[in-house]
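Novice: First the structure, which I've put down as structure tokens, then a few questions once you've had a look.
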Amino acid sequence: MALLETNRIFVHFGGLAAVKGLSLSIEPGERVALIGPNGAGKTTFFNVLTGQIRPSSGSVHFKGMDITNHSVYARTHMGMARSFQITSLFPNLSVMVNVLIALQGIRRGRYDLRRYFLKDKELVAIAQELLESVALWDLRDEKVSSLAYGQQRKLEIALPLASSPDLLLLDEPSCGLTPAESSDITSRIRDLGPKITVLMIAHDMDLVFGVAERVILLHYGEIACEGTCEEIRANQMVKEIYMGSRKSVTGTW
Amino acid sequence: MEDDRVLEVNTPAGPGGKATAARAARSLSLTAIPVVGIGLLILVLPLFVPTFISSLVTKMMIYGLFGLSLNLLWGYGGIPSFGHAAFFGTGGYAAGIMILKAGISNFWLNLVLALLFTAVIAAILGIPAFRVFGVGAGATNPIYFLLATIAFGELLSRMAVALRPLTGGSTGISGIPEPDLGFGFRTTASTYYYLVFVIVAVSVYLMYRIVNSHYGYALRGIHDNERRMQALGYNTWLYKYTSWILAGVFGGLAGVLFAYFGGTMVPNNLAMITSDIAFWLVIIGSTTVFFGPLLAAVLFVGIEYFASIYLPARWPLIFGAVMVATIMLMPNGVGVEVLKLWKRVTRGAA
């Protein structure tokens, strides 16, 4: 059974159709990359999957259940987690508190009024493990807004991991990073256990070819083509849509 | 900017050993000494000062509680409200009406019923506030929410004028007797001071625990980034709604204490003019430091007293001037500056 299945998703913003009848299915354990030029509908599609946007029509099934109308947080409790393209952390709180809050999100006792949050030994222990794995433990008491951009991106990817998701949705994880930082992120994503299914949006082809088993190219809200990394690398249409063809540059201008 | 959130997160999570012990000792001197010191000061004060001063201190404690209750919502949850007096007045009116019209004389029973009533009103008002107008992620414009909170206070104050048989109309309720604590024990003006002290101290402790609990940190997270909180699995609507009710109950508690304090409750206690007090306390006191509004309450009552003596006709002007001056000179609030100063003092001593 597919872990995630979408059925003819349409999203209209006024007169603009951002996503046009997207159907795709992702098997457990797969590593899938969504690529496509700006405005192809990748992030919109992500927002439909995680519930930030309701599709105009179509349905989303996760673990065999129709979750089209589920709230964002309910999907997280079902085992979905996402990162954001534009870094979306808790800038006024410390690195440690960011991770503790992320860990608490799907755990019991998140409405607890009686215990001191920062003295929750169980959470702190898991947070330490997670922070050490992304090499941010030494910065745990720093306010997030004072971190360097590369460190913030690492935290951005660590937060969804806190809920040990079955499906991890990464929206341009290496966005704005240096090549060295980017290859570090690539190896971290590759090293995620086989239990985590990954769907990611990426522009960085080293990341795509380094991680993905299947690549899907979106163009104007539709699947233009999909295949393995080799197939995509060889595909002429990908070159034209994604890298831009010489004809479209010289011809139409 | 230095504030107590950063300070607090420094304390735990250390791997143990000397550093943690030193930190613990430091946080003890940072918090325990002033808390115990101020507590003792308030306890012994009535022995040395005239009654009118201890009555001012009673008012400071009540207003401090009122300001803290708004700060729970605003400073921690990130939900500003211009109508917090709706709860203050509801609590006060409920207590007054129950004594004078329903004949419930026992203070504790009255208190519990008044707070329950305030919670129900907050729960009812919270539904349109958060479902229709909305604030935070997904809300069209927080201005509508703010306007709605003003409207709630004005609406309730108009109702208090209209329901004359129950509320005394525009002159309000008067003649609320001294609280009857049961077992034939009735407080006087000087013992009421201690009753307020105990209730406010317990409430401050409860609120401190709330803002540092799992729930409280979820509120801070919502303040900082609500969309991320939803993506992490938090039902942010429920947090916002419950924090509104919690803040309402503590605001209502301040109202009950105020009703017994002055013996009267007027429609203006529900309206903008009283909401402004809470607003002032939070702006001046700081939204980022827990005890900020308590400090601001000391300033407020002090300024109110002196201004009404020396500038009897125009004393509210002073509040505007102080507000403008604070925003220009200490945009983070007095609480942040005092905390910084206190940290410097303790560092010097250590």
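The values are calculated or read from the model by the stated rules, or taken from the named source; none is laboratory data. This structure is a prediction, so every number in the text was calculated from the model and none was measured. Methodologically, a virtual Cβ is constructed for each residue, glycine included, from the backbone with ideal geometry; neighbour enumeration extends over all protein chains shown.
Novice: Looking at the structure I just gave you, is B:Phe279 at pLDDT 90 or above, under 18 Å from the mean Cα position of the chain (by Cα) and within 22 Å of B:Ser81 (Cα to Cα)?
Specialist: So B:Phe279 fits the description; yes.
Novice: Next question, about the same structure. Run down B:Val196, B:Val211, B:Val202 and say which single residue is surrounded by fewer than 19 Cβ atoms within 10 Å (Cβ to Cβ) and not acidic (Asp, Glu).
Specialist: Of the residues listed, the single one that is surrounded by fewer than 19 Cβ atoms within 10 Å (Cβ to Cβ) and not acidic (Asp, Glu) is B:Val202.
Novice: Output the residues belonging to the range B:293-327 that are within 20 Å of B:Ile62 (Cβ to Cβ), of a type outside the set (A, V, I, L, M, F, W, C) and within 23 Å of the chain's Cα centre (by Cα).
Specialist: Scanning the range B:293-327 gives B:Pro293, B:Gly302, B:Glu304, B:Tyr305, B:Pro316.
Novice: For the range A:89-116, name all the residues that are surrounded by fewer than 19 Cβ atoms within 10 Å (Cβ to Cβ) and among the hydroxyl-bearing types (Ser, Thr, Tyr).
Specialist: A:Tyr111, A:Tyr116, listed by residue number.
Novice: Related question: Is there a residue being within 22 Å of the chain's Cα centre (by Cα) and of a type in the set (A, V, I, L, M) anywhere in the range B:155-174?
Specialist: yes
Novice: Let me ask you something else. Among all residue pairs at least 6 apart or on different chains, which show Cβ distances below 8 Å where the first residue, located in the range A:155-177, is under 18 Å from A:Phe90 (Cα atoms) and more than 13 Å from chain B (Cβ to nearest Cβ) and the second is charged (D, E, K, R) and buried (at least 22 other Cβ atoms within 10 Å of the Cβ)?
Specialist: Cβ pairs passing all conditions: A:Pro173/A:Arg153; A:Pro173/A:Glu156.
Novice: Oh, and also: Could you list all residues from the range A:74-88 that are more than 7 Å from chain B (Cβ to nearest Cβ), surrounded by fewer than 20 Cβ atoms within 10 Å (Cβ to Cβ) and among the hydroxyl-bearing types (Ser, Thr, Tyr)?
Specialist: Result: A:Thr87, single match.
Novice: Exactly one of these conditions fails for B:Ser213: (1) more than 15 Å from A:Gly105 (Cα to Cα); (2) within 7 Å of another protein chain (Cβ to nearest Cβ); (3) of a type in the set (Gly, Ala, Ser). Give me its number.
Specialist: (1)
Novice: Is there a residue being more than 30 Å from A:Gly105 (Cβ to Cβ), surrounded by fewer than 21 Cβ atoms within 10 Å (Cβ to Cβ) and away from chain A (no Cβ under 12 Å) anywhere in the range B:236-253?
Specialist: Checked against the condition, which is being more than 30 Å from A:Gly105 (Cβ to Cβ), surrounded by fewer than 21 Cβ atoms within 10 Å (Cβ to Cβ) and away from chain A (no Cβ under 12 Å), the range B:236-253 yields no hits at all.
Novice: Here's a follow-up. Taking A:Ser71, is it at the interface with another protein chain (Cβ under 8 Å from one of its Cβ atoms), in contact (Cβ under 8 Å) with a residue 12 or more places away in the chain and out of contact with any Lys or Arg (no Cβ under 9 Å at 6 or more places or on another chain)?
Specialist: Here the answer is yes, as A:Ser71 does meet what is asked.
Novice: Of the residues that make up the range A:126-138, is at least one in contact (Cβ under 8 Å) with a residue 12 or more places away in the chain, at the interface with another protein chain (Cβ under 7 Å from one of its Cβ atoms), buried (at least 19 other Cβ atoms within 10 Å of the Cβ) and under 23 Å from B:Asn212 (Cα atoms)?
Specialist: no
Novice: In addition: Take the conditions facing chain B (nearest Cβ under 9 Å), closer than 20 Å to A:Leu177 by Cβ and touching a residue at least 24 places away in the same chain (Cβ under 8 Å) and apply them to A:Ser145. Does it pass?
Specialist: Judged against the criteria, A:Ser145 is not a match.
Novice: Quick check: is even one residue across the range A:188-200 in a helix (DSSP H, G or I), within 14 Å of another protein chain (Cβ to nearest Cβ) and either under 21 Å from the mean Cα position of the chain (by Cα) or modelled with pLDDT of 95 or more (or both)?
Specialist: No - not one qualifying residue is present in the range A:188-200.
Novice: I've got another one for you. Exactly one condition in (1) of a type in the set (S, T, N, Q); (2) touching a Pro at 6+ places or on another chain (Cβ under 7 Å); (3) away from chain B (no Cβ under 11 Å) is false for A:Gln152; which is it?
Specialist: (2)
Novice: Quick one: is B:Leu30 within 17 Å of B:Phe290 (Cβ to Cβ), more than 14 Å from chain A (Cβ to nearest Cβ), modelled with pLDDT under 90 and surrounded by 17 or more Cβ atoms within 10 Å (Cβ to Cβ)?
Specialist: So B:Leu30 fits the description; yes.
Novice: Could I ask something else about it? Suppose we filter the range A:1-18 for residues that are on the phi > 0 side of the Ramachandran plot and of a type in the set (S, T, N, Q); how many remain?
Specialist: Going through the range A:1-18 one residue at a time, the tally reaches 0.
Novice: Among (1) within 19 Å of B:Leu232 (Cβ to Cβ); (2) at the interface with another protein chain (Cβ under 10 Å from one of its Cβ atoms), which single condition is A:Leu113 missing?
Specialist: Result: A:Leu113 passes all but (1).
Novice: Now, a different point. In this structure, does A:Glu240 turn out to be part of a helix (DSSP H, G or I) and either in contact with a Cys (Cβ under 8 Å, 6 or more places away or on another chain) or at pLDDT below 85 (or both)?
Specialist: Considered against the rule, which asks whether it is part of a helix (DSSP H, G or I) and either in contact with a Cys (Cβ under 8 Å, 6 or more places away or on another chain) or at pLDDT below 85 (or both), A:Glu240 comes out as yes.
Novice: Does the range A:22-36 include one or more residues that are modelled with pLDDT of 90 or more, surrounded by fewer than 19 Cβ atoms within 10 Å (Cβ to Cβ) and facing chain B (nearest Cβ under 9 Å)?
Specialist: No, the range A:22-36 has no match at all.
Novice: I've got another one for you. Which residue, of B:Gly134, B:Gly103, is without any contact (Cβ under 8 Å) to a residue 40 or more places away in the chain and either farther than 30 Å from B:His223 by Cα or touching a Lys or Arg at 6+ places or on another chain (Cβ under 7 Å) (or both)?
Specialist: B:Gly103
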